[in-house]
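Only one structure is covered here, and it is reproduced in the block below.
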Amino acid sequence: MSISTPTRARAFGLRIVSPDGEQWFWFAGLLGMARDLALRLHAATHRLGHKTDVGFRVPFTTVDEDGICLTWLRKTPYQAAHTHFGATWRIRTEWKIYEVFDRNGHPLPIQKVLRVFDLEDHLGIRKKGCSEHADRGRGPVPRIHKSRGGSGWFRGIQTSQEIRLNELVLVNEGEIPVRSARNMANLPTAWEDFWRTPQRNWKEQRKARKQWDRRR
């Protein structure tokens, strides 16, 4: 074994506990461990730091009173059953626990370890006060604007909510899938829509929608 390869007796350790089991990762230095931990938390929460805002399907992290254990949580609602009264919803909680240890096996404050690695500099995000246009969502992008109006031959079919519900259901674990009207095979697409009639102006299209009105 080479000198640069760390061993369990003389390396920093990262312990991750989840319902699937326990995992250990070993690093030769504190900076390497802090980098790996920060990137793991950023990939799991898509955030730059520790925040406590809680919401459905929004992953978040919490730290215990001693500052040793960091817990990753995500609460996902899913349909548990279908009745003639409607769907029954339940909450599925996913979690992971992160702990870091020094070369002697002693636990370290996890927030202090995260401050060793500059995640914003690694991701290329400018610090507050020196942001430029089009810098990670800070400020408008020059020569870029949203096109407005009824351009295009087909309408945009809005089925994002149904697609998310289909992806959140774990059929292998016994969860009941969504109802057939929201099944992926039955969702409409833009190719199934009617063609637009560009020769008609917006007034004619508006009147056609209210053709039942006697005043017209």
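Near the amide H of residue 80, within less than 5 Å, lie the amide hydrogens of 88, 89, 90, all on another chain or at least 5 residues away, with H placed in the peptide plane.
For residue 58, the residues whose amide H sits under 5 Å from its own are 75, ignoring neighbours fewer than 5 places away on the same chain, with H placed 1.01 Å from N.
Computed from phi, the 3J(HN,Hα) profile of the stretch 179-190 under the Karplus parametrisation 6.51, -1.76, 1.60 (θ = phi - 60°) reads 5, 5, 5, 9, 5, 4, 6, 9, 6, x, 10, 5 Hz, with x in place of Gly and Pro. Ordering of 27-38, 95-106 by packing is 27-38, 95-106, highest average first (other Cβ atoms within 10 Å, averaged per residue).
For the pair residue 182 and residue 24 in one chain, pulling the backbone fully straight at 0.36 nm per residue adds 52.8 nm over the alpha carbon distance.
Sequentially through the stretch 21-33, phi angles give Karplus couplings (6.51, -1.76, 1.60; θ = phi - 60°) of x, 10, 10, 10, 10, 10, 9, 6, x, 5, 5, x, 5 Hz, Gly and Pro residues having no value and appearing as x. On full extension, the segment bounded by residue 160 and residue 76 gains 28.6 nm, given 0.36 nm per residue less the C-alpha separation.
Electrostatic bookkeeping for residue 17 treats Lys and Arg as +1 and Asp and Glu as -1; over the other residues with beta carbon under 14 Å from its beta carbon, the sum is -2. Karplus-derived 3J(HN,Hα) values for the stretch 71-78, using 6.51 cos²θ - 1.76 cosθ + 1.60 with θ = phi - 60°, are 10, 9, 10, 8, 9, 10, x, 8 Hz; glycine and proline are entered as x.
Given R0 = 35 Å, the distance between the Cβ atoms of residue 36 and residue 84 translates into a calculated FRET efficiency of 0.10.
Each of 113, 17 has its accessible area taken with a 1.4 Å probe; listed largest first, they run 17, 113.
The values are calculated or read from the model by the stated rules, or taken from the named source; none is laboratory data. These figures come from a predicted structure and were not determined experimentally. With ideal geometry, Cβ positions are generated from the backbone for all residues, glycine too; neighbour counts draw on all protein chains shown. Surface accessibility is based on the protein's heavy atoms, side chains included, excluding ligands, DNA and RNA. Shrake-Rupley method; radii C 1.70, N 1.55, O 1.52, S 1.80 Å.
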